[in-house]
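Reviewing the structure listed below.
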There are 2 protein chains.
Amino acid sequence: IMKFLVTGGAGFIGSNLVTKLLSDPNNEVICIDNMYCGLDSNVAPHLDNPRFKFIKHDITEPLKEEIKVDRIYHLAAPASPPFYQRNAIHTAKTMFLGTLHMLELATKTGARFLLTSTSEVYGDPEVHPQKESYWGNVNCNGIRSCYDEGKRIAETLTFDFHRQHKTDVRIVRIFNTYGPGMREDDGRVVPNFIRQALEGKPLTVYGEGNQTRSFCFVQDTLAGIMSLMEQTETLGPVNVGNPIENTMLELAETILKVTGGKSSLNFQPLPSDDPRKRKPDITLAKQYLNWEPKVLLEDGLKVTVEYFKKRLNL
Amino acid sequence: IMKFLVTGGAGFIGSNLVTKLLSDPNNEVICIDNMYCGLDSNVAPHLDNPRFKFIKHDITEPLKEEIKVDRIYHLAAPASPPFYQRNAIHTAKTMFLGTLHMLELATKTGARFLLTSTSEVYGDPEVHPQKESYWGNVNCNGIRSCYDEGKRIAETLTFDFHRQHKTDVRIVRIFNTYGPGMREDDGRVVPNFIRQALEGKPLTVYGEGNQTRSFCFVQDTLAGIMSLMEQTETLGPVNVGNPIENTMLELAETILKVTGGKSSLNFQPLPSDDPRKRKPDITLAKQYLNWEPKVLLEDGLKVTVEYFKKRLNL
Ligand SMILES: NC(=O)c1ccc[n+]([C@@H]2O[C@H](COP(=O)([O-])OP(=O)(O)OC[C@H]3O[C@@H](n4cnc5c(N)ncnc54)[C@H](O)[C@@H]3O)[C@@H](O)[C@H]2O)c1
Ligand SMILES: NC(=O)c1ccc[n+]([C@@H]2O[C@H](COP(=O)([O-])OP(=O)(O)OC[C@H]3O[C@@H](n4cnc5c(N)ncnc54)[C@H](O)[C@@H]3O)[C@@H](O)[C@H]2O)c1
Ligand SMILES: O=c1ccn([C@@H]2O[C@H](COP(=O)(O)OP(=O)(O)O)[C@@H](O)[C@H]2O)c(=O)[nH]1
Ligand SMILES: O=c1ccn([C@@H]2O[C@H](COP(=O)(O)OP(=O)(O)O)[C@@H](O)[C@H]2O)c(=O)[nH]1
Ligand SMILES: O=c1ccn([C@@H]2O[C@H](COP(=O)(O)OP(=O)(O)O)[C@@H](O)[C@H]2O)c(=O)[nH]1
Ligand SMILES: O=c1ccn([C@@H]2O[C@H](COP(=O)(O)OP(=O)(O)O)[C@@H](O)[C@H]2O)c(=O)[nH]1
């Protein structure tokens, strides 16, 4: 029997991880989430499973009980800009205190701890594609800082626990991921475009749409994260993401193709500090994890569109 | 009557600030310090002053009483690498929780809050000299990260309190400062070299000594900080430092000249992530604060050497 703690397990990636872990009958999973941006429908399917336990708890507060597990997947953190900017102070507390509490738990119980860091630690990168050795270009007092700097100091804490207490840690830097389990009102570009396309509304393109992201399907991302958790060659940070880069205009086009939608584009102001380009160098993931993404954008979007159609009763 | 809170007031810059504030008979000063690296001798001269109050308290813990002041100078944070690296986790907590607690106090009481940030937010800079608009080049998981990333997220919190709660804030980015009030075992380069020179021991130069810093005398730094606190044109961040740049070899030479010492140089390994060069662009300080440093390195070092001679009974 392997016991897992997944923080943020009601969220997008977390809920896919919980489902995957529970698919192995030898695994038990505890999920901690405060439901700030998680979905009930992400948790509901597991509530009858005796190998699953849900704890509603805000990780900025100390845990009320000691939790004995073998592995801590630490995902809790609002990941979409509208959600993480709504109460930026709370976001920074989630990043710092949440990570601190989970590292303290790992240190006390001997559990292995994995931090889901992010490509946002590279900020608006001046090195392209981004290697793990690149130190990033991040504004430390702008409207994205609570998230970007929050994850950066979470990495600091993670390595300092390892240096100071020999805590068994791993760090993955996830690049933009999409798939079933996202909220329709999540605010990130993939759910926004899909919902708009399905509802026949104009797609809201921020700026001129020439900025790029590299989109990875959630099952690919999960395989990378889970492989990092179980290997012993590196603590990370290791990039996990899809090296195929697209502009937001290309994404809009692909989503219109997949949905068969006919929406026009509605150009909106570009939010401040929005990274202009982003693309992972996945040399380390290939080397240590023998990992690379397999799902093509169009194929992953098809599955995601079906998911949103169901949620929106279309 | 103006009431001031100075966190870290038993430390090097903090104690000079307290002395300066108390020199105005209309000022009252409360000092909070946990004495992790403060000096009793920095506080002792004021203990009989009815306008001074000392509270021994670790700012990672919430305050035990509400403190009503007009101004909060938030300096508490170990500033020397050997001190801030000794317990890196505690340093990160001091940075994050200490700043959070002081911002909460400022928000609750309406006090104006000033954060003493640092040139370390620029890391090992690739832009030279450093302007406030430069986003920096910082390793987020190395041995200096608890300090550098700690100050970066402290800036984040400060601006987010301003954006979210309209807290009245200022941020100064201090560059290397020296002068009376430092510990002889502080570990930073100026006290190390002076003590070694006075004791006739070899000066410990890390690396080849070609790295640069720009050293500002504490009274100059103070004038900049205090001017920023009282102006209303900018929240900052504003650089306060001396734009005259020196290599560590030049510093060693100047210190030997001022002390009349004959020490040789003892080259030691360069610690990891040690910034190769650093020099402030002080255009903003000139513009908003009408400030620039006045004390020449040799003159400031003479005063500092006299201070250390007394402390070392030489
Ligand atoms: N999805 C991506 O593209 C992406 C990219 C990089 C990194 N990540 C990281 O992966 C993790 C999961 O991302 P996601 O897309 O699933 O995010 P999400 O926003 O869908 O889910 C986050 C979950 O964390 C929970 N949560 C937030 N604050 C909490 C708190 N204080 N206490 C307890 N629970 C809290 C939310 O309720 C939500 O269920 C996050 O740490 C994110 O930073 C995601
Ligand atoms: N001196 C410089 O060259 C320089 C440069 C840039 C920024 N700064 C900043 O200026 C401030 C003062 O620097 P300094 O050189 O006087 O440092 P210092 O190390 O001499 O003094 C710091 C003081 O803070 C106190 N302190 C540390 N942690 C604390 C905690 N958790 N609770 C309460 N008190 C605590 C220490 O006991 C000490 O008295 C620091 O914030 C530092 O980061 C200094
Ligand atoms: O960014 C946020 C904002 C809110 N919350 C949760 O939602 C609750 C209510 O949030 P609100 O912003 O209303 O108030 P807060 O209690 O943070 O001041 C918080 O206590 C958190 O548990 C959160 O997790 N992240
Ligand atoms: O409705 C939207 C939402 C986002 N974006 C853009 O899409 C990119 C990805 O944004 P998202 O919030 O999904 O992720 P992140 O910026 O955190 O990578 C950014 O350049 C956004 O400005 C957009 O054009 N329209
Ligand atoms: O970087 C540090 C390390 C220690 N301390 C103070 O010194 C005390 C004892 O420190 P130690 O590292 O021994 O233990 P801790 O209590 O931090 O685990 C702490 O509680 C703090 O008050 C501090 O302020 N900064
Ligand atoms: O005994 C010493 C202490 C420091 N340094 C160097 O002097 C510079 C300034 O170091 P300090 O710790 O004073 O400040 P910071 O690196 O934080 O600017 C750095 O390049 C150090 O490597 C040195 O050569 N000898």
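Values in this text are rule-based calculations from the coordinates and carry no lab data. Note that the structure is predicted; figures quoted are calculated from it, not measured. Every residue, glycine as well, gets a Cβ built from its backbone with ideal geometry; the counts of neighbours run over all protein chains shown.
Remarks
- Across segment B:223-281, Cα-Cα pairs farther apart than 18 Å form 59% of the total.
- For segment A:1-38 versus segment B:144-177, the gap between their alpha-carbon centres in whole angstrom: 35 Å
- Annotation for segment A:160-227: trypsin sites (Lys or Arg not before Pro) lying in DSSP loop with at most 14 further Cβ atoms inside 10 Å of their Cβ are A:Lys166.
- Taking packing as the residue-averaged number of other Cβ atoms within 10 angstrom, the listed peptides A:141-147, B:296-302, A:152-158, A:121-127 run from highest to lowest as A:152-158, A:141-147, A:121-127, B:296-302.
- With 10 Å bins from 0: P(r) over the protein assembly as shown, alpha-carbon pairs, percent: 3, 16, 25, 23, 17, 10, 5, 1, 0
- Rounded to whole numbers, the Karplus 3J(HN,Hα) couplings from phi for segment B:68-83 are 9, 9, 8, 9, 10, 8, 9, 10, 4, 3, x, 9, 9, x, x, 6 Hz, using 6.51 cos²θ - 1.76 cosθ + 1.60 with θ = phi - 60°, and x at Gly and Pro.
- Note on A:Glu233 and B:Leu47: their simple-model spin labels are 6.0 nm apart, each label 7 Å out from Cα toward Cβ.
- Close amide H contacts of A:Thr212 (hydrogens built in the peptide plane, cut-off under 5 Å, sequence separation of 5 or more or a different chain): A:Lys277, A:Arg278.
- DSSP bridge orientation in the protein assembly as shown - percent antiparallel, rounded to nearest 5: 10 percent
- Per-selection Rg to Rh, segment B:192-314 - Cα, Kirkwood hydrodynamic radius: 1.04
- Across segment A:262-272, computed HN-Hα scalar couplings (Karplus, 6.51 cos²θ - 1.76 cosθ + 1.60, θ = phi - 60°) run 10, 4, 7, 9, 10, 6, 10, x, 6, x, 5 Hz from first to last residue, x flagging Gly and Pro.
- Share, in percent, of DSSP beta bridges within chain A that are antiparallel, nearest 5: 10 percent
- The three principal axes of the C-alpha atoms in segment A:40-89 carry coordinate ranges of 36, 26, 18 Å, sorted with the longest axis first.
- Calculated on C-alpha atoms, the gyration radius of segment A:135-214 divided by its Kirkwood radius gives an Rg/Rh of 1.10.
- Once the convex hull of all Cα atoms in segment B:113-252 is built, its volume per residue stands at 128 Å³.
- Peptide A:84-97 is shielded by partner chain Cβ atoms: per residue, an average of 4 of them sit within 10 Å of its Cβ.
- Scanning chain A for DSSP H helices at least 20 Å long along the axis (C-alpha atoms) with a Kyte-Doolittle mean no lower than -1.0 picks out A:297-311.
- Residue-averaged [θ]222 nm for the protein assembly as shown, counting only DSSP H segments that reach four residues, each worth -39500 (n - 2.57): -11000 deg cm²/dmol
- Calculated over segment A:1-146, the projected area of the Cα convex hull averaged across directions stands at 9.6 nm².
- Of all lysines in the structure, the ones whose alpha carbon falls short of 18 Å from that of A:Lys279, not counting any fewer than 8 places away in one chain, are A:Lys131, A:Lys294.
- Under a 5 Å amide H cut-off, with hydrogens placed 1.01 Å from N, A:Phe267 pairs with A:Val205 among residues at least 5 apart or on other chains.
- Hits among aspartates and glutamates - C-alpha to C-alpha of A:Lys3 under 12 Å, sequence gap 8 or more where chains match: A:Asp24, A:Glu28, A:Asp70
- Using θ = phi - 60° and Karplus 6.51 cos²θ - 1.76 cosθ + 1.60, couplings along segment A:118-126 (whole Hz; Gly, Pro as x): 8, 4, 5, 5, 7, x, 9, x, 9
- Segments A:75-81, B:82-88 sorted - mean Cβ within 10 Å per residue, highest first: A:75-81, B:82-88
- Separation in nanometres of the label points that stand 7 Å from Cα toward Cβ, at A:His128 and A:Lys108: 4.7 nm
- 7 Å along Cα→Cβ, label-point gaps from B:Gln231 to other copies, nm, shortest first: 5.2
- The lysine pair count for segment A:14-94, using Cα distances under 16 Å and pairs eight or more places apart or on different chains, is 4.
- Peptide B:128-139, shielding by other chains (average Cβ, 10 Å cutoff): 3
- Separation of segment A:123-143 and segment A:248-314, taken as the distance between their Cα centroids, equals 21 angstrom.
- By the Cα gyration tensor, chain B has an equivalent ellipsoid whose semi-axes, rounded to whole angstrom, run 30, 22, 19 from largest to smallest.
- Under 5 Å, built H, 5+ apart or other chain: amide partners of A:Thr118: A:Ile174
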